[in-house]
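Bear in mind these aren't lab numbers, they're just calculated from the coordinates by the rules spelled out. Just so we're clear, the structure is a prediction, and the values are computed from it rather than from any experiment. Every residue, glycine among them, receives a Cβ derived from its backbone with ideal geometry; neighbour counts consider all protein chains shown.
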Amino acid sequence: GGVVDKDRKFVSAKAGYLHGFYAVMGKDGEVAGVIRNVVARPKVFTPKDKDGYFGSVRLTFEFDKSYERYEVRIYDLKGNLVKRFERSGGYTQGEVSWDATDNEGYPVKTGVYIYQIIAGNEKYSGTVIIAR
């Protein structure tokens with residue numbers, strides 16, 4: 001739990017333990033802003049397992065209106081840009097599939113990755129986990 005001050009764009013919460021990373025998430029089913037109904041499937045995945053079942057993680061989302069361009073960026077926990085997807089053409093929804101490789105085609109390490117969806121001046125962030 002915590003308190004959201006939308007006017008000052010500020011979130012406060014009590015924490016019993018301090019850690020290096022925290023995530024602030026909206027409540028399930030809550031419609032928030034321009035980028036909506038974001039789903040990462042699977043949330044935890046093993047790229048190209050022996051059966052080839054999860055060859056990629058799929059991010060799907062909707063927008064409040066049509067956008068000529070949107071972008072999806074994936075970062076490691078150090079803030080380094082790992083992968084970038086850009087789409088152009090009047091979209092009201094979007095989808096990207098990430099095969100756990102970086103922009104140069106090399107496999108990324110096991111760990112937590114932050115995805116950022118950008119449409120217009122709005123951004124939405126979430127996480128996926130690579131488990132090799």
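Express in nm, to one decimal, how much length is gained between THR110 and THR60 on full extension, taking 0.36 nm for each residue of separation and deducting their alpha carbon distance.
Gain on stretching THR110 to THR60: 15.8 nm.
Enumerate by residue number the GluC sites (Glu not before Pro) in the range 67-106 meeting two conditions: DSSP loop (anything except H, G, I, E, B), and at most 10 other Cβ atoms within 10 Å of the site's Cβ.
Filter output for the range 67-106: GLU104.
Expressed in nm to one decimal, what extension gain is obtained for the pair LEU81 and ARG132 from 0.36 nm per residue of sequence separation less their Cα-Cα distance?
Roughly 16.3 nm would be gained on extension.
Out of the range 58-120, which trypsin sites (Lys or Arg not before Pro) are coil in DSSP terms and have no more than 14 other C-beta atoms within 10 Å?
Taking the range 58-120 and a limit of 14 other Cβ atoms within 10 Å, the loop trypsin sites (Lys or Arg not before Pro) found are LYS78, LYS109.
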